[in-house]
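Quick one: this structure, given as structure tokens, is what I'll be asking you about.
The values are calculated or read from the model by the stated rules, or taken from the named source; none is laboratory data. Small disclaimer: the values here were computed from a predicted structure and weren't measured. Positions of Cβ are generated from backbone atoms using ideal geometry, with glycine treated the same way; all protein chains shown enter the neighbour counts. What goes into the accessible areas is simple: the full protein's heavy atoms, side chains included, and nothing from ligands, DNA or RNA. Shrake-Rupley method; radii C 1.70, N 1.55, O 1.52, S 1.80 Å.
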Amino acid sequence: MVKFRFFSSPNNSSPFKQLWRLFQKNHFALVASWVFAFMILMAILGPLLAPYSPYMQQADMLLVPPSWDMSGHIQSPFGTDALGRDILSRILVGISYSFGLGILAVIVALTFGLLIGTLAGFSKGIRASFLNHILDIALTMPSLLIAVVIVAILGPGIANAFWAVVLAMLPQFIHHIRTDVADMLNKDFVIAYRLDGANSWQVFRFALLPNMIENIVIFSTMAISSAVLDIAVLGFIGIGSQSPEPELGTMIADSLGVFYLSPWAVMLPGITLFLCILSTNIVGDGLRHALKERRLQ
Amino acid sequence: MLNYFYRKLSLLFFITFGVTVFVFSLNYLFPTDVLSNMSGITNINEIDYDVIAQKYNLNDSVFTQYFGFVGRLLDGDWGVSFINGTSIFNQVFRVLPATIELAIYALLYSFIIAIPLGILASSDKHPWLDKSILALSIIGFSMPIFWLALLLILIFSIGLGWFPTSGRLSLIYNIPSSSGFLFLDILRSNIDYKSEALADAFKHLVLPTFVLAAYPTTVLIRTTRQSMKDVMNTSYVKAAKIKGLTSGQLLRRHGLRNGLLPVIQMLGIHFGTVITLAIVTEVIFAWPGIGSWLVDAIHQRDYPAIQGGLLVISGMVFVATILFDLLYMIFDPLARRHGHGKI
């Protein structure tokens, strides 16, 4: 069915611009992307902006409620925890621990996944089938369980939790990129490019990568939310980052003892974590919808 | 079908091999002495060392050690715990039923909630309903499970006092454990306070089930909505509509049968995630299952116990995945065509 449009003009803007225009139409996703950008900014600048050290204990200011409460102080806007540490400073640094490390973990896993996944996608025969079987096993294991296993081997600690999350996400990335590469290698434009005399590197760089990049971005956005969640969960059950560190999950676990007295010490880090994950999920969802719409056009 | 069954069986064999090799290699990966990891005996003295090493084939090649390890696994000799010296095998199978119970109730609950909501969201008649259900599901999807648990405890246990905060059953009830599944045990026991015990067990179950079900529910809502939308747009449904079927008949005869197939597949894919989330839920609600037991073992660096726990949890996840996959294949003949060694 041909649609008649009055003011139609050929759309010559780049695919990314079209994607962004479609993304902007979804207002929820747009607001979420601002929140997401703000959280990234906080992950980078948070430790510099924090008014106090996250480890500094003030013995005369234990369990001060937030400043909007009648008995709160203005010098610590979000109040203090059971050891007199300023919650605002801890949350600011905590964003760079949980959210920042989550993004970093995705970037590291993506780099390795791109390398191994592309090599696997190009390979054929017994090597490919062997890798498939190994990947099948690894993919059945949920990432958090793999992370728990790796932490059990390496021992608790934030650095080990980080590597555990990276290794746990790696199979998904490899699988995703390998299927993409293997699918695309059979497409006509890649075969034409090969017949032009391009070697494998050129095929990857100029034919595959530009076509995969959008899928990779969307997949990575979804992976960020699970990485942040995994780091926080490991911190919460006490086998990730350890107690004085201002990681959001660990902070919640630390304040459980004073849950009745000062619920804000549990609620505020939780809200921050929730906002980080929610904004990431909505942005990922919005991007996916925008991409779907653009492909329909 | 038989061909497919055979393929899955060979995959199961391959997986079992992989998992046992991995768990065996943990003996060498853990920081303590290899013999201690295998046997669970700490501080072995010089005289005993040779005898125990003989029993665990430590002086032979790695292959002999591996086959000895598999033999001991089959015999039920999984070593003893570093902490209390009791048999790991007995400990694991004492705590496992509680986890299975929790996971099954959570999955059932999410099934009951998610599928009607997904079907409601899929219809074009109420766009606002679709939007609000989707928004609810993305919020539930993004909620850190431990935080959700704390919120619910704050509201329903501390604020309103409706449900207890932790445990599986109040300590005043003494239920003899036979199968490990609490409701079954209560029903089978001959006590005169059965109904009170059942009510108490149910009260303890509500919050953990709801928390654990949050994730599968949101996933199922999204899957059901998408697959129902796809099915309702197919030509055979449109043809049936033209023939004059009411929307109820349409849903019963064509929609549900085809639309719920991806849901079975999704259950299989997400069963592993549910089990790991069960670990977190158990830690928060002090539920005496394998998850909190494993986390305790990690805290105490009880390496033989970690091995046993990992073996059972990963084995359970793999077997369940393959079973769900077989179920999917039985119901959906179209999916059998490209069943190449894929989980």
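Any chance the stretch B:290-306 includes a residue that's buried (at least 16 other Cβ atoms within 10 Å of the Cβ) and away from chain A (no Cβ under 14 Å)?
no
Oh, and also: Restricting attention to the stretch B:8-30, and to residues there that are buried (at least 16 other Cβ atoms within 10 Å of the Cβ) and farther than 22 Å from B:Q307 by Cα, which single residue is farthest from the other protein chains (Cβ to nearest Cβ)?
Among residues in the stretch B:8-30 that are buried (at least 16 other Cβ atoms within 10 Å of the Cβ) and farther than 22 Å from B:Q307 by Cα, the one farthest from the other protein chains (Cβ to nearest Cβ) is B:K8.
Report yes if some residue within the stretch B:219-233 is surrounded by fewer than 21 Cβ atoms within 10 Å (Cβ to Cβ) and farther than 29 Å from B:F141 by Cβ; otherwise report no.
Within the stretch B:219-233 (the criterion being surrounded by fewer than 21 Cβ atoms within 10 Å (Cβ to Cβ) and farther than 29 Å from B:F141 by Cβ), the answer is no, since none of the residues qualifies.
Sort out for me the helices (runs of 4 or more DSSP H) sitting completely within the stretch B:1-102 that have 2 or more residues that are of a type in the set (A, V, I, L, M, F, W, C) and touching a strand residue (DSSP E or B) at 6+ places or on another chain (Cβ under 6 Å).
In the stretch B:1-102, there are no helices (runs of 4 or more DSSP H) which contain 2 or more residues that are of a type in the set (A, V, I, L, M, F, W, C) and touching a strand residue (DSSP E or B) at 6+ places or on another chain (Cβ under 6 Å).
Shifting gears a bit: Run down A:L135, A:L139, A:L167 and say which single residue is within 12 Å of chain B (Cβ to nearest Cβ) and open to solvent by 30 Å² or more (accessible area, probe 1.4 Å).
Every option except A:L139 fails the conditions.
Is it the case that B:A135 is within 14 Å of another protein chain (Cβ to nearest Cβ) and out of contact with any Leu (no Cβ under 9 Å at 6 or more places or on another chain)?
When the stated conditions are applied, B:A135 passes them.
Counting only residues that are within 26 Å of A:N160 (Cα to Cα) and among the aromatic types (F, W, Y), which one in the stretch A:55-97 is modelled with the highest pLDDT?
A:Y97
Further question: Look at A:T250 and say whether it is among the hydroxyl-bearing types (S, T, Y), surrounded by 15 or more Cβ atoms within 10 Å (Cβ to Cβ), free of Cβ contacts under 8 Å to residues at least 40 places away in the same chain and in contact with a Phe, Trp or Tyr (Cβ under 8 Å, 6 or more places away or on another chain).
So A:T250 passes the test.
Something else about it: Can you confirm whether the stretch B:85-102 contains a residue that is open to solvent by less than 50 Å² (accessible area, probe 1.4 Å) and over 18 Å from B:G291 (Cβ atoms)?
Yes, because at least one residue in the stretch B:85-102 is open to solvent by less than 50 Å² (accessible area, probe 1.4 Å) and over 18 Å from B:G291 (Cβ atoms).
Looking at B:V319, B:V280, which one is over 28 Å from B:M38 (Cβ atoms) and within 26 Å of the chain's Cα centre (by Cα)?
Of B:V319, B:V280, the one residue that is over 28 Å from B:M38 (Cβ atoms) and within 26 Å of the chain's Cα centre (by Cα) is B:V280.
Here are the criteria: (1) in contact with a Leu (Cβ under 6 Å, 6 or more places away or on another chain); (2) modelled with pLDDT of 85 or more. Tell me which single one B:G308 does not satisfy.
Just one mismatch for B:G308, condition (1).
I want to confirm something. Restricting to the stretch A:239-258 and keeping residues that are within 13 Å of another protein chain (Cβ to nearest Cβ) and of a type in the set (S, T, Y), which single residue is nearest to the chain's Cα centre (by Cα)?
Result: A:T250.
Would you point out the residue of the stretch B:149-178, among those that are among the small types (G, A, S) and open to solvent by less than 40 Å² (accessible area, probe 1.4 Å), that is farthest from the other protein chains (Cβ to nearest Cβ)?
Per the criteria, the residue is B:S170.
Answer yes or no: is there a residue in the stretch A:262-276 that is modelled with pLDDT under 90 and in a loop (DSSP other than H, G, I, E, B).
Looking for residues that are modelled with pLDDT under 90 and in a loop (DSSP other than H, G, I, E, B), one finds at least one in the stretch A:262-276, hence yes.
Could I ask something else about it? Where residues in the stretch B:190-235 are aromatic (F, W, Y) and part of a helix (DSSP H, G or I), which of them is farthest from B:S123 (Cα to Cα)?
Step by step, filter the stretch B:190-235, then rank; the result is B:F202.
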